[in-house]
Amino acid sequence: MMVWSFTETLTFGATRNPWNIDYTPGGSSGGSGTAVAAGLAPMALGSDGMGSIRIPSTWCGLFGIKPQRDRVPLAPHDDAWNGLSVNGPMARTVEDAALFLDVTAPGNGFVAAAKRPPGRLRISLSTKVPPGLIVRVGKAQRAAVNEAGVLLRELGHEVIERDPDYPPSVVYGQALPRYFRGVYDDVKTLPHPERLDARTRAFARIGGLISDKRISSIRGAESIAAERIQSIFDDVDVVITPGTAMGPSRIGAYQRRGAISTLTLVTVRVPFQAVFNVTGQPAAVVPWDLDGNGVPTSIQLVGKPFDEATLLSLGAQIEQARPWVQRRPPVS
């Protein structure tokens, strides 16, 4: 059971990043990311409960989009991870991802959106980390956001620097409890949960301590957190953040660590994802450059609720201005 931002187990070994096989491709949809990046598949399904489309898409050099909550059906697993989880595409091009969305959520004209210019947008750049997380954003990741600002101004957009108003409790009071409890609920459905590794079993036990009443209270407060975070969209069309705070971990970095130790270590790499699972709004990552280890970086585009179309249109414009699809990893 993969619940982490890496894709490896003691039992089955590691999935490696095709750009640098010493590193993870990310997770939990790391197999999908590796397969698409290495040319084994033209596109793939990812599931994103805490960033699991956007993290491997970043580190594998793909366009990945977490669509609006409930845009792509989850049946029979509706409301997975207490509303955090959604399904969406990971692809080498924006148009391929849009095609995936048109097939899985028909009637929304996503391919048409990817083919039309976005018009002049008001875009905010932000490298602020949500509160409660002690994170240092890496040089390559900050550079991606800064360079994106320069490019977007050249493309005619109005670019400002402004941070979303993140509530103090959005990570520890919203995202993490729903995440822990979601893993617990998943483990309960397994025929042989004893076959899970010790770390995952420990993670699920923690989730079991979060009562139905507590989850109901957390879900009831979601709209307040979402309204506060989304208030920035009264003034801007898109928010851009780093895709991740730093590059991926080395293969084996977390072997034999416990649940809390692992969570603490992985969170500092990927702090920009979970908040938008809480709000449910669409967010996408666009490949940007390679870091010092030869692993891709990205920028994250966060859109207004139900506005995947703007993210696809802007993503395609960036893709045209900074072509990426012809770049192939060493393992391909």
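Among the residues of the stretch 100-118, those that are buried (at least 16 other Cβ atoms within 10 Å of the Cβ) and either without any contact (Cβ under 8 Å) to a residue 24 or more places away in the chain or touching a Ser or Thr at 6+ places or on another chain (Cβ under 7 Å) (or both) comprise Asp102, Val111, Ala113, Ala114, Pro118. Just to be sure before I move on: is Ser47 of a type in the set (Ser, Thr, Tyr), in contact with a strand residue (DSSP E or B) (Cβ under 6 Å, 6 or more places away or on another chain), part of a strand (DSSP E or B) and at pLDDT 95 or above in the structure I sent? Spelling it out, Ser47 is indeed of a type in the set (Ser, Thr, Tyr), in contact with a strand residue (DSSP E or B) (Cβ under 6 Å, 6 or more places away or on another chain), part of a strand (DSSP E or B) and at pLDDT 95 or above.
The condition (being part of a helix (DSSP H, G or I) and either farther than 14 Å from Ser32 by Cβ or modelled with pLDDT of 95 or more (or both)) is satisfied by just one residue among Asp96, Asp70: Asp96. Counting only helices (runs of 4 or more DSSP H) that fall entirely inside the stretch 193-289 and contain at least 3 residues that are charged (D, E, K, R) and touching a residue at least 24 places away in the same chain (Cβ under 8 Å), the qualifying elements are 212-230.
Taken residue by residue, the stretch 15-34 has no member that is closer than 21 Å to Thr310 by Cα, modelled with pLDDT of 95 or more and surrounded by fewer than 24 Cβ atoms within 10 Å (Cβ to Cβ).
When Gln326 is tested against (1) part of a loop (DSSP other than H, G, I, E, B); (2) out of contact with any Gly (no Cβ under 8 Å at 6 or more places or on another chain); (3) touching a residue at least 40 places away in the same chain (Cβ under 8 Å), only condition (3) is not met. In the stretch 73-93, the residue that is farthest from the chain's Cα centre (by Cα) out of those that are buried (at least 20 other Cβ atoms within 10 Å of the Cβ) and in a helix (DSSP H, G or I) is Asn82. Looking at this structure, is Pro67 over 15 Å from Ile318 (Cα atoms), in contact (Cβ under 8 Å) with a residue 40 or more places away in the chain and surrounded by 21 or more Cβ atoms within 10 Å (Cβ to Cβ)? In short, yes. In the set (1) over 25 Å from Leu133 (Cβ atoms); (2) assigned to a loop (DSSP other than H, G, I, E, B), the condition left unmet by Leu312 is number (2).
The values are calculated or read from the model by the stated rules, or taken from the named source; none is laboratory data. Everything quoted here is computed from the prediction, not taken from an experiment. Cβ coordinates were reconstructed from backbone atoms using ideal geometry, including for glycine residues, and neighbour counts include every protein chain displayed.
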